[in-house]
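Report on the structure given below.
The values are calculated or read from the model by the stated rules, or taken from the named source; none is laboratory data. Because the structure is predicted, anything quoted here is derived from the model rather than measured. Because the Cβ atoms are built from the backbone with ideal geometry, glycine has one as well, and the counts that use them run over all protein chains shown.
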Amino acid sequence: MNRPPAIHFENLCVDFEGTRLFDHLSFAVSAGKCTCILGPSGCGKSTLLRLLSGNPDIPFTGSISFSPQHYRIGWMSQSDLLLPWMCLHDNVMLGARLRGQVDEKRRRKATLLLERAGLSAYEKALPATLSGGMRQRGALLRTLMEECELLLMDEPFSALDALTRLKLQDLATEMTHGRTVLLVTHDPMEALRMGDEILVFTGVPAQIKRISDLPGDIPRRPASAEMAPYYQDLLSTLMNGP
């Protein structure tokens with residue numbers, strides 16, 4: 001496994017569908033940490049992930065650099081994109097199947113992930129027979145299976161009920177530890193539970209407020225008293241801007 005990359009943006013400008021989303025924006029994403037991105041709809045959060053994924057339909061000026069330059073990238077969009085003719089287990093193992101690397105170790109790993117996600121009874125089910133939340137869980141597991149150094153995740157828990165969301169957040173945090181993760185979310189508590197750093201995008205063109213270096217020793221429980229001040233500060237930033 002390669003070292004996870006840091007990402008540096010310098011004077012980034014992006015015009016999308018007639019709107020300038022980023023105007024000479026400069027910031028950095030730390031290597032080996034989970035950076036959560038929050039902000040109102042339409043401010044460019046998902047566009048930033050698509051840009052990093054290599055989408056050719058998003059032209060930009062400025063520079064985006066990665067250090068180190070050799071890494072593997074995993075991408076989870078808001079749509080689950082499960083292949084309809086494959087069962088859930090095979091969808092989770094899609095990367096290995098495409099590379100011709102299907103073996104017993106990877107099969108066992110996929111089975112264990114499905115069990116931890118509460119989907120063991122559905123591993124042979126086709127996507128059309130699953131609920132939206134089940135499909136999203138499957139897409140998340142497919143992403144986690146890849147063990148990439150850079151992960152781009154666009155609202156990966158949005159279709160899940162509250163209890164399942166907490167369990168999958170814990171699973172994703174465990175399995176992505178030490179990797180560079182950019183996670184778009186609309187949920188401030190989700191950002192506080194998972195993020196090492198938080199970027200709040202405000203306005204169009206976007207301005208950024210960084211909430212970094214969250215204490216590692218605070219309990220990442222939704223109702224913990226220690227997290228309450230950070231939650232209130234984040235809510236205030238989201239509602240009132242930087």
For this session: For residues that are in a helix (DSSP H, G or I), farther than 13 Å from GLU147 by Cβ and not β-branched (Val, Ile, Thr), tally how many sit in the stretch 173-191.
Result: 4
Seminar exercise, completed: Out of (1) more than 19 Å from VAL29 (Cβ to Cβ); (2) over 20 Å from the mean Cα position of the chain (by Cα), the one ALA110 does not meet is (2)
Problem set entry | Filter result for the condition that a residue is basic (Lys, Arg), surrounded by 13 or more Cβ atoms within 10 Å (Cβ to Cβ), modelled with pLDDT under 80 and farther than 25 Å from HIS24 by Cα, over ARG220, ARG165, ARG210, ARG179 | ARG220
For this session: Among the numbered conditions (1) closer than 15 Å to GLN78 by Cα; (2) not in a helix (DSSP H, G or I); (3) not polar (S, T, N, Q), tell me where ARG135 comes up short.
Result: (2)
For this session: Specify which of the listed residues (GLY95, GLY74) is within 22 Å of the chain's Cα centre (by Cα), surrounded by 17 or more Cβ atoms within 10 Å (Cβ to Cβ) and farther than 30 Å from PRO205 by Cβ.
Result: GLY95
Seminar exercise, completed: Residue pairs within 8 Å by beta carbon, gap of at least six or interchain, first lying in the stretch 23-35 and free of Cβ contacts under 8 Å to residues at least 40 places away in the same chain and within 14 Å of SER65 (Cα to Cα), second among the charged types (D, E, K, R) and part of a strand (DSSP E or B), listed first then second, are SER26/GLU10
Exercise. If you take the residues in the stretch 42-67 that are touching a residue at least 60 places away in the same chain (Cβ under 8 Å) and not aliphatic (A, V, I, L, M), which one is nearest to ILE211 (Cα to Cα)?
Worked result: LYS45
Problem set entry | Conditions (1) touching a Gly at 6+ places or on another chain (Cβ under 8 Å); (2) over 14 Å from LEU152 (Cα atoms); number of the one not met by ILE58 | (1)
Problem set entry | Which numbered condition LEU83 misses (of (1) part of a helix (DSSP H, G or I); (2) more than 21 Å from ASP170 (Cα to Cα)) | (1)
Problem set entry | Filtered residues of the stretch 145-155 (kept if buried (at least 22 other Cβ atoms within 10 Å of the Cβ) and at pLDDT below 95) | CYS148
For this session: Might you let me know whether the stretch 111-132 holds any residue that is exposed (fewer than 15 other Cβ atoms within 10 Å of the Cβ) and touching a residue at least 60 places away in the same chain (Cβ under 8 Å)?
Result: no
Seminar exercise, completed: Checked pairs for the stretch 86-107, first modelled with pLDDT under 90 and part of a helix (DSSP H, G or I), second of a type in the set (A, V, I, L, M) and surrounded by fewer than 19 Cβ atoms within 10 Å (Cβ to Cβ), C-beta under 6 Å and 6 or more apart or across chains, list as ALA96/VAL102
Problem set entry | Filter result (of a type in the set (Phe, Trp, Tyr) and crowded, with 22+ Cβ neighbours inside 10 Å) within the stretch 1-46 | PHE22
Problem set entry | Options HIS70, HIS89: the member that is within 23 Å of MET175 (Cα to Cα) and in contact with a helix residue (DSSP H, G or I) (Cβ under 8 Å, 6 or more places away or on another chain) | HIS89
